[in-house]
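To start, the structure itself, in structure tokens.
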Amino acid sequence: MAFVTEEFRVKAEKICAKYPKRDAALIPLLQELQKESGYVAEEAMDELARFLDLPYSRVKAVVTFYTMFNREPAGKYHLQVCRNISCHMAGAPGLLARLRSKLGITEGETTRDGLFTLSAVECLGACGAAPVMQVNDEYFEKLDESKLDALLEDLKHGKYPLKG
Ligand code: FES
């Protein structure tokens, strides 16, 4: 399966044009690939490296470094709980434990019905509203267990986006 399709190339050239050097568009292009496929496959990294004329190792290093990139197909809802200090102090470990127990999966796994993928991620940049969880593109702040339970119920019933 080709990831860097003709259609993608057209879009990618427009994105590259916004930057002084093509390789500066690496992260936005990875985000674009992920938006289209839900994850960034090994082949996609290879194709993008060739498209940008970069070493594959550089693309792979970026994908591996940033937790926002999925290297495997994620569930319909990707639950990303911040594990950095502010969120940790505000109860993130309890939220993660609750999610593990309610969903029957651990970090990096997807439920068998394909609905939820769970991840613990680095700071989401909303420390003042800790603890924070990102679900796909939406942030949920100042979470506690009851808010988390209600959120999961909403998602199970297909209510997403929840704030839109
Ligand atoms: S520490 Fe959680 S958002 Fe920054």
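The values are calculated or read from the model by the stated rules, or taken from the named source; none is laboratory data. Just so you know, these numbers come straight off a predicted model, no measurement behind them. In this analysis, Cβ positions are derived from the backbone assuming ideal geometry, glycine residues included, and neighbour counts consider all displayed protein chains. To get the accessible areas, we keep the full protein, side chains included, count just its heavy atoms, and leave off ligands, DNA and RNA. Shrake-Rupley method; radii C 1.70, N 1.55, O 1.52, S 1.80 Å.
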Of the listed residues (Val40, Val4), the one being more than 14 Å from the chain's Cα centre (by Cα) and either modelled with pLDDT of 90 or more or surrounded by 17 or more Cβ atoms within 10 Å (Cβ to Cβ) (or both) is Val4
Contact list, first residue from region 73-88 and of a type in the set (S, T, N, Q) and within 16 Å of the ligand (Cβ to nearest atom), second anywhere and open to solvent by 10 Å² or more (accessible area, probe 1.4 Å) and outside any loop (DSSP other than H, G, I, E, B), beta-carbon distance below 8 Å, six or more apart or interchain, is Gln80/Ser119; Gln80/Ala120; Gln80/Gln134; Asn84/Cys127; Ser86/Cys127; Ser86/Gly128
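Right, Leu26: over 21 Å from Gly125 (Cβ atoms) and either assigned by TED's automatic domain parsing to the domain that holds Met133 or part of a helix (DSSP H, G or I) (or both) or not? Spell out the reasoning first.
On the way: over 21 Å from Gly125 (Cβ atoms): no; either assigned by TED's automatic domain parsing to the domain that holds Met133 or part of a helix (DSSP H, G or I) (or both): yes.
In short, no.
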Next on the checklist: Lys18 - would you say it is surrounded by fewer than 20 Cβ atoms within 10 Å (Cβ to Cβ) and part of a helix (DSSP H, G or I)?
Outcome noted: no
For region 104-129, pairs from a residue that is open to solvent by 70 Å² or more (accessible area, probe 1.4 Å) to a residue that is within 8 Å of the ligand (Cβ to nearest atom), with Cβ under 7 Å and 6 or more apart or across chains, are Glu122/Asn84
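Scanning region 89-116 for residues that are touching a Lys or Arg at 6+ places or on another chain (Cβ under 6 Å) and more than 16 Å from the ligand (Cβ to nearest atom), which turns out nearest to Phe140 (Cα to Cα)? Spell out how you get there, then give the answer.
Going residue by residue through region 89-116, those that are touching a Lys or Arg at 6+ places or on another chain (Cβ under 6 Å) are 92, 106, 115.
Those left that are additionally more than 16 Å from the ligand (Cβ to nearest atom): 106, 115.
Details: Thr106: 20, Leu115: 18 Å.
Among them, the one singled out is Leu115.
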Scanning region 128-146 for residues that are within 16 Å of the ligand (Cβ to nearest atom) and touching a Phe, Trp or Tyr at 6+ places or on another chain (Cβ under 7 Å) gives Val132, Met133, Val135
